C-alpha cells in the first residue's frame, strides 16, 4: 500500500491558511469580500426597496440625488441604485461560481488526460484548446452569448464553454511535468492503475495551482460578465447585473452621475477583493504556473 | 530543432488554429434559427421575397458547402453585405479598423514607455513601501474594469470640468486619408490643428485602456530587476566593485526585459478586447463598436468577418511572440522537439 499522508497535509494547509492572515492586503481583500457576501446573501433584508428589483418604474422618484433614503440615489426609472447594486452582487457571485463549477472539472479531466496519455489524445486536446484561445475571452464570450440570446443563462453557457480551456492547459502542463516524478513511478511499480495515478497521485499536487487560478478567475469572470452586460450582450435590463446598471446610467452622466458611478465602484471593489485574495494565496503557495 | 523548422511549425499551427476558429464561428453564426432574409428586408417583405433573398445569400444550401463558399469568398475579398446597413463588410472593416488599431497601438507604446521606467525607478527605491505601492497599482489596475475608469474620466474631465472631449475621434475636419488613423495621418501631412484635435480625443480613452497594463508592466519590471540583484553574477560583479549604472542597465534590466517583452506582446493582443469596452464608453467609432452593434443584431456576415479579423490579429501576434522567444531561448525550441 502507498502510505497515506492526508493528516499531515491538512495540518499543513491549516497552518498556511493562518499565514494568509498575516498579509495586510489579503486581509483587506477578505474583509471587502466578507462585506459584499453579507450584502448579497441578506440583500432582501438590507433594503426597504427589495420590491424594486426586476420590472418596476416610479417616475416620480427618478433621478433623485444620493441621500439618506437613497444612499446611491435613484436611477432613470426611479429605482433605488443601492438596492440594484446589492442584488447585482448576488448575480455576479452566482455567475462566477456557476461558471467555475461548470468548467473546472471538465477542463481538469481533459488536461490531465492530455498530459498523461500523450499521443493523439494530447494532439486533439491541444489543438482544440488552441482554437478556443484564438480570441480574447471577452470577445469569444460576446460572440457566443450574442448568438445564443439575451439572457443571463446564455452568458453562463458562453462563459462555461470557453473557460474550461485554461484549466485544461494548466493541468496539461502540470501533469506533463509530474508524470515522470519518482513518486509517480513508485505508484506505477506498485501496480496503481492509470486513473489512480492521474487523480490520486498527480491531481493532489496541483491543488494549490488550481486554488490560485480559481480565486483569481472569480474576479476575472465577474470582470468579463459585467463587460458583457455593459455592452448589452447577455443580461439585459431590468436584470440587476452590475454591468447592465452601469450601462443604463451612461446616458445620464451629465445630470445623474450616481447611476453609473456607484455600481462601477461596487463592481471594482468586488473584483479587487478576489484579486487581493488570489495574490495572497499565490504568494503563500509560491505558484508560478498561473 | 532548427530555427527554420520551429518557425514553420509555429506558422502551420497558427493556420490550423485559424481554420478551426473560422469553422466554429461560422457554424455558431449559422446554426441558430435566425431569419437573415427577414432581418435584411424588414417586416413588409413577402414570404417569397424573403425566400429569394435567403437563396441569394446561399443559406438554403448545406452548411459545409456554405462554409467552403464563405472561406473562398473571404480569401478573395468578398466578405458579403451587412444585413442591416447593406454596406460591403470588407470596406466597412477597412473603414473602422484603423481607429481601433491606432487606439491599441498607442496604448501599448505608452504602456511600455511608462510601465518600464516606473518599474526601474521603483527598483532603485526598493523597500517594503515601494513594493506595496507597485503591488497596489498593479492589482487595482487589473481589478477596475476599463469602462469604470472611462466613466470616471468622462465625469472628471468632461461633465464636471469640460477640459477634454469625451466622445469620438475628432471634432474638426479629418486630415487627408493615408492610413485612416487620424493621429498618424495628421502627423504625416503635418496638419497641426488635426494633430492637436486627435491628440485631445485620444487622451482619455488611452488612459482608460492603458492603466491596467502599466501597473502590470511596472510590477513585472520591478520584480525582474529585484530578482536579478539576487543572482550570482550580479553579486559577484558588485563585489568586484563594478559601477552600478552599467550593472543595473546593461545586465540586470536587459535580462529582466525578456518576460516584460513577452507580456507586452500578450497585452497588445488582448487590448483589442478591452478596446470593446473603452470604445463604447467614448463612442470611438472603431471596429469594436461596429462588431458590438452586429452582435446585438445578429448581423452574421459582420460578426464572422470582424471576429476573424480579430482572430488573425490575435493569433499572429501570439505566434510572433512564440517565435521571438524561441529565437532568444533555444531551450524553448528544443522543448518542442521532444
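Please treat every number below as a calculation from the coordinates, not as lab data. Since the model is a prediction, treat every value here as computed from it, not as a measurement. Every residue, glycine as well, gets a Cβ built from its backbone with ideal geometry; the counts of neighbours run over all protein chains shown.
Computed from label points 7 Å out along Cα-Cβ, the spacing between residue B:203 and residue B:293 is 2.8 nm. Take each peptide in A:170-181, B:124-135, count the other Cβ atoms within 10 Å of every residue, and average; sorted highest first, the result is A:170-181, B:124-135. FRET efficiency for the pair residue B:226 and residue B:75, taken as 1/(1 + (r/R0)^6) with r the Cβ-Cβ distance and R0 = 56 Å, rounds to 0.70.
Extending 7 Å from the Cα toward the beta-carbon at both residue B:94 and residue B:261 defines two label points whose distance is 3.5 nm.
Is the shape of the range A:135-195 rounded, prolate or oblate, going by the alpha carbon gyration tensor and its root eigenvalues a ≥ b ≥ c, with a/c under 1.5 for rounded and a/b larger than b/c for prolate? Prolate is the answer for the range A:135-195, as a/c is 1.5 or above and a/b outweighs b/c.
Taken over the protein assembly as shown, the convex hull of the Cα atoms encloses 210 Å³ per residue. Annotation for the range A:233-273 versus the range A:49-125: alpha-carbon center distance of 12 Å. Compute the label zone of residue B:160 within the range A:78-99: residues whose backbone N is under 18 Å from the point 7 Å along Cα-to-Cβ. Once the point is set 7 Å along Cα→Cβ of residue B:160, nothing inside the range A:78-99 turns out to lie under 18 Å by backbone N. Counting 0.36 nm for each residue step from residue A:18 to residue A:205 and taking away their Cα separation leaves a gain of 65.3 nm.
Show me, bin by bin at 10 Å from 0, the whole-percent P(r) of the range B:67-223 based on Cα pairs. Computed distribution, short to long bins: 10, 26, 27, 23, 10, 3, 0. Remark on chain A: hydrodynamic radius 21.0 angstrom, per the Kirkwood mean of 1/r across alpha carbon pairs. Taken over chain B, the percentage of Cα pairs per 10 Å bin, counting from 0 up to the bin with the maximum distance, is 5, 19, 25, 25, 17, 7, 2, 1, 0. Residue by residue along B:271-283, Cβ atoms of other protein chains within 10 Å of the local Cβ number 4 on average.
Take the Cβ-Cβ distance between residue B:192 and residue B:167 as r, set R0 to 25 Å, and report the resulting FRET efficiency rounded to the nearest 0.05.
After rounding, the FRET efficiency stands at 0.65.
Using the Cβ-Cβ distance between residue A:190 and residue A:285 with R0 set to 30 Å, the FRET efficiency from 1/(1 + (r/R0)^6) comes to roughly 0.60. For the range B:202-221, list residues with backbone N below 14 Å from a point placed 7 Å from the Cα of residue B:130 toward its Cβ? Hits in the range B:202-221 for residue B:130 at 14 Å: B:218-221.
Which whole number gives the average, over all residues in A:221-229, of C-beta atoms from other chains lying within 10 Å of the residue C-beta? Don't skip to the answer; put the middle values down first.
Working: counts 0, 2, 7, 2, 0, 4, 8, 3, 0.
Mean partner shielding for this stretch: 3.
Shielding by partners for peptide B:304-316, expressed as the average number of C-beta atoms from other protein chains within 10 Å of each residue's C-beta, is 3.
Computed from the alpha carbon positions, the gyration tensor of the range B:1-122 leads to an equivalent ellipsoid with semi-axes of 40, 23, 12 Å, biggest first. Using alpha carbons only, the radius of gyration of the range B:100-178 set against its Kirkwood radius gives Rg/Rh = 1.08.
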